[in-house]
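Trainee: Right, I'll just put the structure down here and ask away after.
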Amino acid sequence: MTAAAQFAECPPVAPEILAEIKSVLGEGGYSEDSLRVEAKLTEWRGKWKGHTPLLVLPKTTEELSKVVRICYEHGVAITPQGGNTGLVGGQIPFGEILVSLERMRTVRDVAPTDDTMVLEAGITLLEAQQIAEKAGRHFPLSLAAEGTATIGGVISTNAGGTAVLRYGVTRDLVSGLEVVLPNGDIFRGLKRLRKDNTGYDLKQMFIGAEGTLGIITAASLKLFPVMNSRSVAIVGFETSQKAIDLLARAKQETGGQVEAFELMGRYGLSLVLKNIPDTREPLEGVYPWYALIEVASGDPEGAETSMERLLGAAFEEELILDAAIAQNDTQAAAFWRLREEHSAAEKVEGAAWKHDISVPLSRMAEYMEEGAKAIEAFLPGARLVAFGHVGDGNVHFNVIVPEDMDAKAFNDLRDEGSKVVHDLVHQYEGSISAEHGLGRMKTQEALLYKDPTAVAVMRAVRLALDPKRIMNPHVLF
Ligand code: FAD
């Protein structure tokens, strides 16, 4: 477990204040059951373990509003938590009251004609997809933690996932929000409208705010038509630039049907094949780079036709070296597994410095080449695993401990090594956190790169809404 001491602590909360909070909550509104509380204090990888004076489990927005008002009056800090799958420590309290949204799970409305559904924050992402499906619509946000991650959490981290290329990030999928503000007031912005030009679009402030501006209690989410055909392929390339060239072609030639375009380097794929049971080479030959491509269409035969046409032409022009199109759902799932098991396969190899970065797509191949050279110069023998949602300009650029190096010595170099990666990202006009946010973990580092005016505006907005700084005080700036 990484020392919690690296994270700032909140002062103890007086017993009278805790009693006042408990008094406004209905049955089941808080828990002192150590097993239940403990489970929410450890980050899913076991990286940090926090502590809290009280776990609050509101059932309604009004109940939560009363709790937050008491906290605000007494200056008591709060950490909101959804499914606890966040990767930067923002949902783990270190002395704050922990507010879990797990009991706020009402489906308030599903309106296929408006192409919206209104869900409470504690509903999981997987359940949200199923609710949409039952209504004959598609909710496209999808990520590996979807069985546990909640609507409140994915909105607060502005999660990306596998379908960003076609549908955008979470920000693009939200049409309205209900939020309990730091002083306990309720922002009632559950609009179902696509168009509303009546001043600042306030909901945007709370999306990606990582629980620093208020607690999201419900959201109005956009729905899309269900696709009637899908085609998944794995393609081999000589260079990452050729993969990026194919992506540009695929977007144009399929008329925007590409839903996912995931890049994998050979080394990462070889670790999956070596460390994950029941996986096999997807192509006959071995290639330096691979892409997993998914195309979806409303036309029942459309996806397969588009995929075949695209790959046939790319093969003729020697843009790709080999390709396999999945012949059924089982094969498609096996292809996806090769991509999704990258993190698990890496873990078997030992310590790693993880980077979740984005750079403009036009500079991605050059960045990866330069980045590989910079890492080799910094730590000869370090093993680089590059993979991710390259269609969104996002790549996980992870560095694994050299085979003959002690993990502690490697971990001691983490800050310096990550700075090598992130300095280059900054030089390439990219972001050091493309998906997971800053949380408690990356805030100090982000200050090195973020525009000072942007940081000042963020601080001013926060101060205006939360002058006592009670909401997730040690997250973000
Ligand atoms: P939590 O982890 O509980 O919280 C995350 C942050 O949001 C914290 O700062 C917390 O305080 C805040 N928060 C939570 N709920 C609320 C609320 N109701 N109101 C206000 N603030 C709140 N991310 C991607 O973008 N793309 C991916 O492809 C992706 N894949 C992942 C795969 C795995 C296996 C895992 C473990 C994580 C992945 N993530 C990915 C990280 C992603 O950020 C989280 O999975 C998800 O968005 C967080 O949802 P959660 O409900 O678990 O939130």
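The values are calculated or read from the model by the stated rules, or taken from the named source; none is laboratory data. The structure displayed is predicted, hence computed values, not measured ones. All Cβ positions, even for glycine, are placed from backbone atoms using ideal geometry, and neighbour counts span all protein chains on display. Surface accessibility is based on the protein's heavy atoms, side chains included, excluding ligands, DNA and RNA. Shrake-Rupley method; radii C 1.70, N 1.55, O 1.52, S 1.80 Å.
Trainee: Of the DSSP beta bridges with both residues in the range 59-164, give the percent that are antiparallel, rounding to the nearest 5.
Mentor: 55
Trainee: Straight-line reach from Lys347: which aspartates and glutamates fall under 15 Å, measuring Cα to Cα and dropping same-chain residues less than 8 apart?
Mentor: Once the sequence-local aspartates and glutamates are set aside, what remains near Lys347 is Glu403.
Trainee: Calculate, for the range 4-103, the solvent-accessible area per residue in square angstrom, rolling a 1.4 angstrom probe over the heavy atoms of the protein chains.
Mentor: 42
Trainee: Starting from one equal scatterer on each C-alpha and no solvent at all, send me the Debye-based log10 I(q)/I(0) for the chain at q = 0.06, 0.07, 0.11, 0.14 Å⁻¹, two decimals.
Mentor: Log-scaled intensity ratios, in q order: -0.28, -0.38, -0.96, -1.43.
Trainee: How much length is gained if the chain between Ala333 and Arg414 is pulled fully straight, taking 0.36 nm per residue apart and subtracting their Cα-Cα distance, in nm to one decimal?
Mentor: Result for the pair: 25.7 nm of gain on full extension.
Trainee: Please list 3J(HN,Hα) in residue order for the range 314-323, calculated via the Karplus relation 6.51 cos²θ - 1.76 cosθ + 1.60 where θ = phi - 60°; whole Hz, with x for glycine and proline.
Mentor: 3J(HN,Hα) across the range 314-323, in whole Hz: 5, 5, 3, 8, 6, 6, 10, 9, 6, 7.
Trainee: On to the next question. Explain nothing, just compute: Karplus ³J(HN,Hα) = 6.51 cos²θ - 1.76 cosθ + 1.60, θ = phi - 60°, for every residue of the range 339-351 in order, whole Hz, x for Gly and Pro.
Mentor: Per-residue couplings from phi come out as 7, 6, 8, 4, 5, 5, 5, 5, 4, 5, 7, x, 4 Hz.
Trainee: Contour minus end-to-end for Lys47 and Arg459, with contour as 0.36 nm per residue of separation and end-to-end as the Cα-Cα distance?
Mentor: The span from Lys47 to Arg459 would gain 145.5 nm if fully extended.
Trainee: Give me the accessible area of Tyr287, 1.4 Å probe, in Å² rounded to the nearest 10.
Mentor: Probe radius 1.4 Å; accessible area of Tyr287 about 40 Å².
Trainee: Also, I was wondering about something else. Could you list, in their original order, any pairs among Lys59/Lys222; Lys66/Lys203; Lys47/Lys373; Lys195/Lys354; Lys134/Lys274 whose Cα atoms are separated by more than 31 Å?
Mentor: Where the Cα-Cα span goes over 31 Å, the pairs concerned are Lys195/Lys354; Lys134/Lys274.
Trainee: Let me ask something else. Under a 5 Å amide H to amide H cut-off, with H placed in plane at 1.01 Å, what residues pair with Ala77 once short-range neighbours are removed?
Mentor: HN-HN under 5 Å from Ala77: Ile97.
Trainee: How many percent of the accessible area of the chain is carbon or sulfur, using a 1.4 Å probe?
Mentor: The C+S portion of the solvent-accessible surface of the chain is 52 percent.
Trainee: Sticking with this structure for a sec: Over the chain, what is the relative contact order in percent, taking alpha-carbon pairs closer than 8 angstrom and at least six residues apart?
Mentor: 15
Trainee: Report the GluC sites (Glu not before Pro) located in the range 279-313 that are in a DSSP loop and have at most 14 other Cβ atoms inside 10 Å of their Cβ, or state none.
Mentor: Filter output for the range 279-313: Glu284, Glu301.
Trainee: Relative to the present Cα-Cα distance, how much length would full extension add between Glu429 and Ala313 at 0.36 nm per residue of separation?
Mentor: So the extension gain works out to 38.5 nm.
Trainee: If you filter the range 276-366 for trypsin sites (Lys or Arg not before Pro), then keep DSSP loop positions with at most 12 other Cβ within 10 Å, what is left?
Mentor: Here the sparse-neighbourhood loop sites are Arg280.
Trainee: Once ligands and nucleic acids are excluded and a 1.4 Å probe is used, how much of Asp115 is accessible, expressed in Å² to the nearest 10?
Mentor: Here the accessible area works out near 50 Å².
Trainee: State in Å² the accessible area per residue of the range 229-343; use a 1.4 Å probe, count heavy atoms of protein chains only, and round to the nearest integer.
Mentor: Per-residue value: 45 Å².
Trainee: Could you provide, to the nearest whole Å², the per residue accessible area of the range 350-435 with probe 1.4 Å?
Mentor: I get 41 Å² per residue for the range 350-435.
Trainee: Just tell me which lysines come within less than 17 Å, Cα to Cα, of Lys40; anything on the same chain fewer than 8 places away is out.
Mentor: Cross-link targets: Lys49.
Trainee: Can you tell me the FRET efficiency between Glu445 and Leu126 if r is taken as the Cβ-Cβ distance and R0 is 35 Å, rounded to the nearest 0.05?
Mentor: Given R0 = 35 Å and the Cβ-Cβ separation, E is 0.65.
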